[in-house]
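Just below is one structure, and these are the notes that go with it.
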Amino acid sequence: MMITIDPGKHNGISIWDGPVLKELRCLRFKETTEMIESILHKPHQNRVTLVYEVFVLFPWKSSKQYFSTFPAVEVIGVLKYFQLIHDFILLPQQPSKAKFFTDEQAKDVIGDLKPNNKHTRDAVKHGLLFWKNKGVVVI
């Protein structure tokens, strides 16, 4: 099982069975951490790979973050904590790397799955990048 997360105030999440996209979710912090913890407590947890988008604060975007609690950083911190406890594979990906794929390519993979929004499409792009790096063609 592979899970990809586009962290933030609304976490885009895609769940994969091998290179097959099975489920999409867009959740807030509490629901995201509860879902991940629930998955990690299942018997297959040692075969979970979790890919997340790294948080990078670019100087030209910093003014938009005034008074922010940085929800993406909070989510990433919990993922790193879970990795220490549950010993699964946790892989960071740079935001710019997922831009190799377009929204249209993500939508093609998503098909009829819901919710289909910016957050879930970004999560799917990170999944597509993971499989591309493994030499597996999903599209």
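A few points about this structure:
- Value of relative contact order over the chain, rounded to a whole percent, pairs C-alpha under 8 Å and six or more apart: 34 percent
- DSSP bridge orientation in the chain - percent antiparallel, rounded to nearest 5: 55 percent
- With neighbour counts taken as other beta-carbon atoms within 10 Å, the residues L27, L21 rank, fewest first, as L27, L21.
- Förster radius 22 Å - calculated FRET efficiency between Q105 and K9 (Cβ-Cβ, nearest 0.05): 0.30
- Over 19 Å (Cα to Cα) - which of K30/K107; K22/K107; K22/K80; K97/K118; K9/K118 fall in this group: K30/K107; K22/K80
- Which of V124, V138 has the fewest Cβ neighbours within 10 Å, and the rest in rising order: V138, V124
- Gain on full extension, evaluated as 0.36 nm per residue between D87 and K134 minus their Cα-Cα distance, stands at 14.8 nm.
- Stretched out straight at 0.36 nm per residue, the stretch from K114 to M35 would grow longer than its current Cα-Cα span by 26.7 nm.
- Among T32, T49, the order by Cβ neighbours within 10 angstrom, fewest to most, reads T49, T32.
Every number here is computed from the coordinates shown, using simple stated rules; none is lab data. On a predicted model such as this, the values are computed, not experimentally measured, just so you know. A quick note on method: Cβ atoms are made from the backbone with ideal geometry, for glycine too, and the neighbour counts reach across all protein chains shown.
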